[in-house]
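Engineer: Have a look at this one.
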Amino acid sequence: MINLDQNATTPVAEEVLAELVRCTREYPGNSSSGHSIGLTAGNFLEECRKRVATVLNAKHPSEIVFTSGGTESDNAAIEGIAYAMQQNGRNHLITSAIEHRAVLAPCEFLAKHGFELTVLPVNNVGCVRIEDVKKAIKPSTALISVMLANNEIGTIQPIAEICALAREKGIAVHTDAVQAAGKLAIDVQQLGINALSLSAHKFYGPKGVGVFYLREGTAYSPWMLGGTHEHNRRAGTVAVPQIGALTKALEYAEAKRIKHGTELRRLRDLLIKLVLEKVPGSHVNGDVKHCTPNTASIRFDGLYGGHLLRKLDALGVLASAGSACMWERTKPSHVLSALGLSDDQGSGTLRFSLGYDNTEAEIREVAEILARVVPEIRHNPPAEIQPPLVRASH
Ligand SMILES: Cc1ncc(COP(=O)(O)O)c(C=O)c1O
């Protein structure tokens, strides 16, 4: 298989898998237990917290909270901060139209439960405009949640500028950085954010474990209730072996980024160049200059992306029609619609997302395959697969 669907998930790196096995063997205890086995696990947990804080340049290790993944970190950040800020009389939330559902859904939930929500539009390459943020801010604004990099088109958002604006007004800022880790430098102090989400399975770690960075002093009302774990911010027995693997994975991905980030971008750019050359009627969505180095969202005129996706799969190439968790959707992606693309343009789009294990030979092979199969599908769409697209009525 040629895996160009690495925004959906990344393969677990060998050394991360070895660390998961080692930690499972060596830290069997409950990190909250007072006996020696528990204390050993607890000490290792605090070591992991320090190492993650170092990679993210957090001021204090205690600002790192371990969670079950990106979705939990997003929910915890948005609901935890929103409810705490509500106690100070602020009940207005701002997010963007291209967020992952893990951000949009809790925002929409809060909008049904006493909060006011503003959803910012994006420009035609998928970027939030700072003027729109300025216009949206009110005295009652509690939280702005805008992602660092988009999962479908890779666009990088002006988070540091948003934070500078929000700081003056006492507004908290959360960023979903799930698609940024291992691809962009993440420095929480330089960004100036209050909260940030990460998920290990997007950076060569296991599924089901993530990071929620919460800047010291940020108003927060714990979202997951129960025991006093994670310095009272996230209840539940702590998954020490998975956290050991996450920590190793974050260091691994960061080292890859520093050493091989330029090559990753070169391969992505080569894919785009070859596809645009070899496949007439193909176009890039978004702005590759302000984009994660691994992501290419490519639109093919006159075909349904689902047909192409299945054909590629049959030929051993993995790609995606949008975000992996939206595979069953019946409408084109909300991200592509937010860029101003029509339903047909959205449904003719595939996402190719590379990882550090992809090679130039693979990229060249995929371009050759696309050059062959796109015209075939255009002329002879497979009758057995009906596009599940239901056109949006607005
Ligand atoms: C931008 C973004 N946020 C959040 C998530 C959810 O993360 P997890 O799969 O760890 O729940 C994803 C996963 O696709 C994502 O791409």
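Engineer: Have a look at Ala149, Ala142, Ala177, Ala181 and point out the one that is away from the ligand (no atom under 12 Å from the Cβ) and either at pLDDT 95 or above or touching a helix residue (DSSP H, G or I) at 6+ places or on another chain (Cβ under 6 Å) (or both).
Structural biologist: Of Ala149, Ala142, Ala177, Ala181, the one residue that is away from the ligand (no atom under 12 Å from the Cβ) and either at pLDDT 95 or above or touching a helix residue (DSSP H, G or I) at 6+ places or on another chain (Cβ under 6 Å) (or both) is Ala142.
Engineer: Could you check how many residues of the range 167-208 are out of contact with any strand residue (DSSP E or B) (no Cβ under 7 Å at 6 or more places or on another chain) and of a type in the set (Val, Ile, Thr)?
Structural biologist: Residues that pass the stated criteria total 1.
Engineer: Okay, moving on. Would you be able to tell me the number of residues in the range 212-227 that are in a loop (DSSP other than H, G, I, E, B) and touching a residue at least 12 places away in the same chain (Cβ under 8 Å)? Walk me through how you get there before you give the answer.
Structural biologist: Within the range 212-227, the subset in a loop (DSSP other than H, G, I, E, B) is 215-227.
From the residues that got through so far, the ones that are touching a residue at least 12 places away in the same chain (Cβ under 8 Å) too are 215-216, 218-224, 227.
The qualifying residues number 10.
Each row is one residue, and each column tells you yes or no for (1) under 16 Å from Leu308 (Cα atoms); (2) outside any helix (DSSP H, G or I); (3) modelled with pLDDT of 90 or more.
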{"position": "Ser337", "(1), (2), (3)": "no, no, yes"}
{"position": "Arg351", "(1), (2), (3)": "yes, yes, yes"}
{"position": "Tyr356", "(1), (2), (3)": "no, yes, yes"}
{"position": "Glu362", "(1), (2), (3)": "no, no, yes"}
{"position": "Val366", "(1), (2), (3)": "yes, no, yes"}
{"position": "Ile369", "(1), (2), (3)": "yes, no, yes"}
{"position": "Arg372", "(1), (2), (3)": "yes, no, yes"}
{"position": "Pro375", "(1), (2), (3)": "yes, no, yes"}
{"position": "Pro382", "(1), (2), (3)": "yes, yes, no"}
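Engineer: Answer with yes or no whether Glu108 is free of Cβ contacts under 8 Å to residues at least 12 places away in the same chain, within 16 Å of the ligand (Cβ to nearest atom) and farther than 26 Å from Gly355 by Cα.
Structural biologist: Details: free of Cβ contacts under 8 Å to residues at least 12 places away in the same chain: yes; within 16 Å of the ligand (Cβ to nearest atom): yes; farther than 26 Å from Gly355 by Cα: yes.
Here the answer is yes, as Glu108 does meet what is asked.
Engineer: Under the condition of being in a helix (DSSP H, G or I) and within 15 Å of the ligand (Cβ to nearest atom), which residue from the range 56-73 is surrounded by the most Cβ atoms within 10 Å (Cβ to Cβ)?
Structural biologist: My answer is Ser73.
Engineer: Let me ask something else. From the list Arg49, Arg25, pick out the single residue that is without any contact (Cβ under 8 Å) to a residue 40 or more places away in the chain, crowded, with 22+ Cβ neighbours inside 10 Å and at negative phi.
Structural biologist: None of the other options fit; the residue is Arg49.
Engineer: Among the residues of the range 333-363, write down those that are crowded, with 22+ Cβ neighbours inside 10 Å, among the polar types (S, T, N, Q) and under 30 Å from Arg129 (Cα atoms).
Structural biologist: If the condition is that a residue be crowded, with 22+ Cβ neighbours inside 10 Å, among the polar types (S, T, N, Q) and under 30 Å from Arg129 (Cα atoms), then Ser333, Ser347, Thr349, Ser353 are the ones that fit.
Engineer: Residues Cys163, Cys127: which one is at pLDDT 95 or above and away from the ligand (no atom under 16 Å from the Cβ)? It would help to see each step written out before you state the result.
Structural biologist: Numbers: Cys127 fails: away from the ligand (no atom under 16 Å from the Cβ).
Within the list Cys163, Cys127, the selection yields Cys163.
Engineer: Pick out the one residue from Glu152, Glu108 that is under 25 Å from Lys289 (Cβ atoms) and of a type in the set (D, E, K, R).
Structural biologist: That would be Glu152, the only listed residue that is under 25 Å from Lys289 (Cβ atoms) and of a type in the set (D, E, K, R).
Engineer: Let me ask you something else. Hey, can you tell me all the residues within the range 88-99 that are at pLDDT 95 or above, polar (S, T, N, Q) and away from the ligand (no atom under 14 Å from the Cβ)?
Structural biologist: The answer is Asn91, and nothing else.
Engineer: Then there's this: Taking only the range 225-262 into account, find how many residues are within 26 Å of Ala172 (Cα to Cα), crowded, with 19+ Cβ neighbours inside 10 Å and within 16 Å of the ligand (Cβ to nearest atom).
Structural biologist: Residues meeting the conditions: 2.
Engineer: Looking at Leu315, Leu308, which is the one that is surrounded by 20 or more Cβ atoms within 10 Å (Cβ to Cβ) and farther than 28 Å from Leu148 by Cβ?
Structural biologist: Of Leu315, Leu308, the one residue that is surrounded by 20 or more Cβ atoms within 10 Å (Cβ to Cβ) and farther than 28 Å from Leu148 by Cβ is Leu308.
Engineer: Is it the case, given these coordinates, that Leu225 is touching a helix residue (DSSP H, G or I) at 6+ places or on another chain (Cβ under 7 Å) and of a type outside the set (Val, Ile, Thr)? I'd like the intermediate steps shown before the answer.
Structural biologist: Details: touching a helix residue (DSSP H, G or I) at 6+ places or on another chain (Cβ under 7 Å): no; of a type outside the set (Val, Ile, Thr): yes.
For Leu225, the condition - touching a helix residue (DSSP H, G or I) at 6+ places or on another chain (Cβ under 7 Å) and of a type outside the set (Val, Ile, Thr) - is not met.
Engineer: Could you tell me which of the residues Ala53, Ala76, Ala82 is in a helix (DSSP H, G or I), closer than 25 Å to Lys202 by Cβ and within 15 Å of the ligand (Cβ to nearest atom)? Can you show your working first?
Structural biologist: Details: Ala53 fails: within 15 Å of the ligand (Cβ to nearest atom); Ala82 fails: within 15 Å of the ligand (Cβ to nearest atom).
When all the criteria are applied, what remains is Ala76.
Engineer: Could you please give the count of residues in the range 192-223 that are within 16 Å of the ligand (Cβ to nearest atom) and modelled with pLDDT of 95 or more?
Structural biologist: 20
Engineer: Tell me, please, whether a residue that is small (Gly, Ala, Ser) and in a helix (DSSP H, G or I) can be found in the range 20-34.
Structural biologist: No, that holds for no residue.
Engineer: Conditions: (1) farther than 30 Å from Gly244 by Cα; (2) more than 13 Å from the ligand (Cβ to nearest atom). Ala172 meets all but one. Number of the miss?
Structural biologist: Single failed check for Ala172: (1).
The values are calculated or read from the model by the stated rules, or taken from the named source; none is laboratory data. Only a predicted model underlies this, so the values are computations on that prediction, with no experimental measurement involved. Glycine gets a Cβ as well: all are built from the backbone with ideal geometry, and neighbour counts include every protein chain shown.
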